Amino acid sequence: MINGFGLHKLGLLAVRNPIIATLIMVMISIAAMVGISKLEFSGENIEILRDGSQELADYDELLSQFRNFNNDAVVLMRVDNLSTVDGIETFRDLNFEFQLDERIESILSIFSLVKYGGPDEGWQSALPAEYNSDEEVLASLKQLAADIPSSQSLFSPNYDSAVMVVYTKAEATKDKNVQETMDGLTALAKEFNTETVTVTIAGQPAIRADLIHSIVADLLFLAPMAFLFCAVLAFILFRQPVAMFLCALPSLLSISWFLGGAGLTNTSLNFLTNILPALLIVIVFADTLHLYLKWQKLSEKQDDYVATLEQAILEVGPACALSSVTTMAALLSLCLSGNNGLFELGIAGAIAVFGGFITVIVALPLGAYWASRYGFRPKKSIASKIGVIAGPAMKLLNYRKSVIIAGLLLCVAGLYAHTVIDSRFRLIDYLGNQSEVAQSEGYIDSTYYGTTPLFAIVDMDQSLALDDPANEGRVYETIEAVKDVFPAGSFYSLADFADEIKKAGGKIDAKLIDELLRFLTSRFISADKSQVLVTIFSSANLSESEMQERLSNMSTALQKRELTDHVKITGYPVLSGVVAPRLMDNLRISLLVAVLLSIVLITISSGSVKLGLACLVPNMLPIVCVELILYLAGIPLNMSIAVALTVAFGIAVDDSIHMLNQYMLNKRDHDNLPAVAGALKEVTPALFSTTLILSGGLIIMCFSTLPAMAVFAVVVIITLLLAFLADIFQLPAYLAIMNDKRAE
């Protein structure tokens, strides 16, 4: 029998001391309810990518030396014709209303652009204060595009839309306030909506607010629906309301404990940890079903229900304990990614799974104990009739060598796909299906150059004056390098101001820059004037290969001009195009580590290297087969899929453990082949039922407002189905052949 590291004894203690154990469970649950009231949510996405890399260090330098560009929202106004008096004045009014909002610090738009009128007139607005005709509007916009090329990134070439970058105050965009802030700004924007005008908001604050909205909506919908599904399925299987309650109780307690614990420890739920509540429900329900089915089966043979309860804990409890430990190990392997967000997911997930195990091994026996004390008697479930599906697997034991060879060939093909499959990280994948923010992001990406800029940080020689030819030349050479890669009008810099001054016969210097407001110059030059910024409008939704190509071309352009030591390229697109894919590569490695670690745990628990190795291919096969399917379908690996594979493995290995546990029990009284066949017949109903429950519960997650959540659910479901097939076809073949006298 499997060794559960003694953890199953907690269940025996609970049954033998029911009053004390019940009081402890009630106290923990009350504390959890208090914690749930304090639960908070986070839409943060940059911290989730933090991995201590140079790219993150460069990005932090950008935010500290210039401004926090993560607070920039983008207001998009779509209009029939911007180049009319009505169109341009509507946009001016929109600018004015946003500028007056107390949550806004500054605005960048065509109305904030300035031109230099010489020493006497100084800085002036680049656009007239009023217009008298549509022709005048069109002429001024064309002139603006000619005089200030970067202005072309603020209105569309066919004059059907315009954008303004809104810098919100830091306090207004904190997690606890960002949703309220964006709701208020969205309401303000909608006041301008007419039959010919539509105003929407995109950018990082809007994305964070949208993520929080979706996380809360999913928690309120998915978790109850998953719980309801499991409860209904339990009623169908056992046809007893009390049995349904007993099987649903651990899931209810586990999610309450998880959410309450998060609230008590001030751990915000984010778009990664958001998968845990619904997932925890179905994982716990699956283990609950194994334990309940064993109790029900033993109760058919004797009337001492407390004794049979203890026997069920002794026989199935170690397998439940080991399956929880291997699931925890799989989740903890995420910590090897070196990434803050996945480290948090791994730790939170492992703690949640352990708490779930406690509810299975303690709450279910306690509930069964009290129910049996008051007259409840478990009836035979319809799950036992499912045993007929083990027939084909038992017949294939006669062809076990062929089954093993076929599995090995599939595994080799899957491992190849594991190493070559492409990866991608797009933040838009984590926004709601009907999200206005996602739609606005897509429109801006296609019409403009994107909402998420790249930045070239140019180091100035501080031993020279800012307007020294050497410093000036370095900035202009950087701009030339940018022109080699990015289209004209997609970037702006301090050079735009310098060019304006030159038109008036002047020359830029530190004094002229100080005459401008800091909120404006913080987009161009650091406070100590040691660095100058070239801002390049781009997108955070490009594929890894597209972003890598742009960055490579930019590096080549800088090298050609000998600027590599003086210019750094950073920005969120770098994080999503370089850091995130590297994170996915680390996840692939951590996934293999999780597989090997689980095999080691199984080896230790079973006391047999041979049995541990028997589980290797059957547990690796479902993972690499999913990757093979993705590779053949041309679907890149993203963070949701990578995490899903790791989590799915942690769940799928549970089936192998229960099969192996029953096989070891059978080996005490039977020869090898009958022991394998008996294990198949005994465990297949529970494996099929739990796979059905897990898949059904996860199908609920497909209705998430977050596309990434739906992808996660689909990948886990496919993996679980493949794992079920591997555990009834591949694993028995290995168990049979490893002790097969004909194989010796």
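Any read-out appearing in this document is the output of simple, stated calculations on the displayed coordinates, not a laboratory observation. Computed from a predicted structure; not experimentally measured. Glycine gets a Cβ as well: all are built from the backbone with ideal geometry, and neighbour counts include every protein chain shown.
Here are the numbers:
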{"quantity": "Farthest positive-ward along the chain dipole, Cα basis, beta-carbon charges - from 700, 334, 305", "calculated": "305"}
{"quantity": "Cβ-derived FRET efficiency at R0 25 Å, residue 306 paired with residue 23, nearest 0.05", "calculated": "0.85"}
{"quantity": "Inter-probe distance in nm under a simple model that places probes 7 Å from Cα toward Cβ, at residue 559 and residue 174", "calculated": "4.6 nm"}
{"quantity": "Distance between the stretch 557-620 and the stretch 186-259 - C-alpha centres, whole angstrom", "calculated": "31 Å"}
{"quantity": "Subset of 294/681; 502/529; 142/169 violating a 24 Å alpha-carbon distance limit", "calculated": "142/169"}
{"quantity": "At R0 = 30 Å, FRET efficiency that the Cβ-Cβ distance of residue 38 and residue 183 yields, to 0.05", "calculated": "0.85"}
{"quantity": "Computed label-point distance, nm, for sites residue 16 and residue 480 using a 7 Å Cα→Cβ extension", "calculated": "8.4 nm"}
{"quantity": "Cα centre as origin, Lys/Arg/Asp/Glu Cβ charges: the stretch 39-151 dipole, Debye", "calculated": "220 debye"}
{"quantity": "The chain: angle of helix 276-299 to the longest principal axis, Cα-based, in degrees nearest 10", "calculated": "0 degrees"}
{"quantity": "Segment residue 190-residue 266, length gained on full extension (0.36 nm per residue, minus Cα span)", "calculated": "23.9 nm"}
{"quantity": "At most 13 other Cβ within 10 Å, DSSP loop - trypsin sites (Lys or Arg not before Pro), the stretch 585-685", "calculated": "668"}
{"quantity": "Antiparallel bridge percentage (DSSP; both residues within the chain; nearest 5)", "calculated": "95 percent"}
{"quantity": "Relative contact order of the chain, defined on C-alpha pairs under 8 angstrom at six or more residues apart (%)", "calculated": "21 percent"}
{"quantity": "For the chain, with +1 on Lys and Arg beta carbons and -1 on Asp and Glu, the positive-most of 626, 679, 100 along the dipole", "calculated": "679"}
{"quantity": "Separation of alpha-carbon centers, the stretch 626-673 and the stretch 68-90, rounded to whole Å", "calculated": "52 Å"}
{"quantity": "Selection from 206, 238, 532, by position along the positive dipole direction of the chain (Cβ)", "calculated": "238"}
{"quantity": "Contour minus Cα-Cα distance for residue 413 and residue 221 (0.36 nm per residue)", "calculated": "65.2 nm"}
{"quantity": "Efficiency of FRET from Cβ geometry, residue 398 and residue 96, R₀ 56 Å, rounded to 0.05", "calculated": "0.10"}
{"quantity": "For 490, 530, 156, order by how many other beta-carbon atoms lie within 10 Å, fewest first", "calculated": "530, 156, 490"}
{"quantity": "Nonlocal amide H pairs with residue 267, under 5 Å, H built at 1.01 Å", "calculated": "none"}
{"quantity": "Segment residue 467-residue 668, extension gain: residue separation times 0.36 nm, minus the distance between their alpha carbons", "calculated": "63.6 nm"}
{"quantity": "For the chain, size of Cβ-based charge dipole, Lys and Arg +1, Asp and Glu -1, in debye", "calculated": "4920 debye"}
{"quantity": "Angle in degrees between helix 544-560 and the longest Cα principal axis of the chain, rounded to the nearest 10", "calculated": "40 degrees"}
{"quantity": "Helix-only [θ]222 nm of the chain, DSSP H runs n ≥ 4, -39500 (n - 2.57) each, per residue, nearest 500", "calculated": "-20500 deg cm²/dmol"}
